[in-house]
1. In whole Å, how far is the Cα centre of the stretch A:391-439 from that of the stretch A:216-249?
2. Using Cα pairs under 8 angstrom and six or more residues apart, how large is the relative contact order of the stretch A:48-115, in percent?
3. In terms of the Cα gyration tensor, with a ≥ b ≥ c the square roots of its eigenvalues, is chain B rounded because a/c is under 1.5, prolate because a/b exceeds b/c, or oblate?
4. Write down the accessible area per residue of the stretch B:173-262 in Å², having rolled a 1.4 Å probe over the full set of protein chains.
5. Enumerate the amide H contacts of B:R22 below 5 Å, restricted to partners 5 or more residues apart or on another chain; note that Pro and chain-start residues carry no placed amide H.
6. Report the calculated FRET efficiency for A:T390 and A:C223 (r = Cβ-Cβ distance, R0 = 45 Å), to the nearest 0.05.
7. Just the isolated ones, please: cysteines in chain A lacking another cysteine beta carbon under 4.7 angstrom.
8. Just order B:98-108, A:288-298, B:68-78 by mean Cβ neighbour count inside 10 Å, highest at the front, would you?
Amino acid sequence: MDAKAHKDIEELYQDTVHWHVNTGGETIHAKRVPGFFRTLKWYTGSLWLLYFILPYFRWEGDQAILFDIPHRQFHFFALTIWPQDIWMLSLVLILLAMTLFGVTAVAGRVWCGYFCFQTVWTDWFTWLEEKIEGNPIQRRKLDAAPWTLRKVRLKLFKHVLWMLIAVLTGITFAAYFTDVYQLWADYLTLQAPLVAWVVLAAFIFGTYVFAGFMREQVCFWLCPYARIQSVMVDKDTIMPTYDYKRGEPRGKVRGKGVSERGDCIDCRLCVGVCPTGVDIREGMQEGCITCGLCIDACNGVMEKVGRPKGLIRYASRKEMAGEKLRPFFRRPRVWAYLSIFLLSAGGIVYGLTHIPPVELSIVHERQPLFTRMSDGSIQNKYTIKAVNKTSQNLHFRLSIRGMDHVRVRLEEAGDIVLHAGRTVPIRVFLQAMPAQLKKEKTKIYFVLESVSGKDKIKISKRSVFIGPGKR
Amino acid sequence: MAKQDNQPQRVRDTGHEWDGIRELTNPPPRWWMIAFHASWIWCVVYFILYPSIPLVHDYTRGILGWTQIKEFKEAVREGEAMRAPYLKKIAAMDGQQLLADEEMRNFSESYAKAIFGDNCAACHGAGGEGAPGLFPVLADDDWLYGGDIDTIIESITDGRQGDMPAHAGVLSDDEINKLTDMVIAASKGKATKEQFMLFDEAGCSGCHGENAAGGAINDLGTGAANLTDQIWRFGSSREDILRTIRYGVNQEGVEGTREAIMPAFGEKLTPEEIKMLAVKVYGFGGGK
């Protein structure tokens, strides 16, 4: 191996001095420092309180939000979504994805830093930890200390509280799928069905382990979002950034050579407050969830040492390079995300306002396609599968459009009755003389008109009448 | 867990070096170790609980005693327990009542689908479409023995065997030809008085009725067809009709005779199964 190549590899090794991979070998005890972003994080995180409260909301005597899996219905206040309306779910998912992409393109991992359940639950857990075991220095000391009665007491208290949050999280999740009051009663009397216990156990395990022990490791190694963020951000994206031009070379605030130094006093407080343990001064990295807590910390220090704030601030790479930041509405990427977002939102609004009261599907019998009857006529058999999504029984009258001289034979004479909330198969026979069939296949429409209820419902559905064809 | 340090300047290496690249002695990440330990613990627990390790002539059975066949049998039992109340009800109901009860009718049709597929579909087709000329169509409105539910039950239970004498040798070729003309005309409603007289003289009306509308002596179970409608049990071409008149139906020892035998299912199927089957057959064309 020649000397030059060896030198390159040596340089690579030199570079890795700054390279640190957090694989969870050491628990991160982040310092809590007050500030704007700390307060913001409390507000955004408290949105998750809704998660705990919503199952108790009632609407017209029933649970307001309920995923009723046995009956295959989703209740959301006045809305009832049936499996037939599930196409809207894909739009909802697209909409959520576009929100995530768009926000990331504009302001980085806003979801991760302020809203993600992993971030928020971890925040609650570490807040409790601080209240019980003290500040990070005391916590590290306690971790290293031998087991005494005091240590056992503190740890036990902490884990019991963590466990309570985990249990409440699990019960709340299960409550979205069944009546919440009945569920509590079932859990407390140990009468809950197996699936409820499995859900509870999974959520207790997930909450307790992820928020209590894995913490930032989830963001580093489990969550795919950290890995794909780099394709969503560009030079225009604003993210917590260390102003290296102003900060470097870093060094003590007083002493020899202070005039040549930058503004960074190398106090390492930005690292100390980081919940994922990254050093933002190394630049943007996968561990950064853009929570802004290092900005709070640095601003506090700058204030104390009498230097201008904003050594770490929300800025884009372009700004750092001295270019002007394009407003977000001048960026094609944002427009692309926004238009897909609006299209999906429009689709959902259309879908929600146009949920049909009766869903109809007409199945033409295929075996046989048609039958010759004793009077020489051709009979086609159909099965109408109708779902009445309303809460009352509806009476309908059936007629056929698109074909003359067709006889309609129902098995039971009179109106077609669709019972509330049920799917009923209705057999319909249509008969026509071969002479009246112009083609092998005739396009026809089944028209159902309601004869009861206040609102007149008229549904038209296409089908086909098949005959022997011309020979 | 060993402390993690990824900085090659400080970590001991294994002494392996190739092209200046050194292999370090770092332990795997903690999350990886957790997953590793969880995996082998899972394996041990599984091996204790479930059948797993193959031995020479046997295998370890696991303390739960679980087997696939047990689970299957359990599922079958559950299904049977679910169906039992329905079957009990069906035993107490007759065909008419079954048809009138929407829930029981739906149950019967679903249940009978498999029975029909196993026993009937080979000849009558999965949807009752039959094989015109060979096997009767069940989806139409022409019933040789009657299309009411009770008669359908009877047909399935006891079977049916058509009986029409062969006329070759009894009638002259000329007469058979004339009768064929008459039958074709009758199906179009255009048979003349003379043709009907010939029909009567040849003895056809004894079974097919004076107006050729069939069913005159269906009490005897011969299944004499209605000759005035558009449905042909053995084909509508002139040759087909000639053959039927010449060699009859189910005539022993007569070459060319039509075969029309519906086996009896009374001993193969339970009365409940036959009732459900009849409901399904009735539903093909809407019964009569």
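1. What the calculation gives is 63 Å, centre to centre.
2. Across the stretch A:48-115, relative contact order equals 14 percent.
3. Verdict is prolate for chain B.
4. Averaged over the residues of the stretch B:173-262, the accessible area is 55 Å².
5. none
6. After rounding, the FRET efficiency stands at 0.55.
7. So, A:C112, A:C116, A:C219, A:C223, A:C264, A:C267, A:C274, A:C288, A:C291, A:C298.
8. Descending packing order for the listed peptides: A:288-298, B:98-108, B:68-78.
The values are calculated or read from the model by the stated rules, or taken from the named source; none is laboratory data. From a predicted model like this one, the values you see are computed outputs, not experimental measurements. Methodologically, a virtual Cβ is constructed for each residue, glycine included, from the backbone with ideal geometry; neighbour enumeration extends over all protein chains shown. When the accessible area is computed, the model is the full protein with side chains, heavy atoms only, and any ligands, DNA or RNA have been set aside. Shrake-Rupley method; radii C 1.70, N 1.55, O 1.52, S 1.80 Å.
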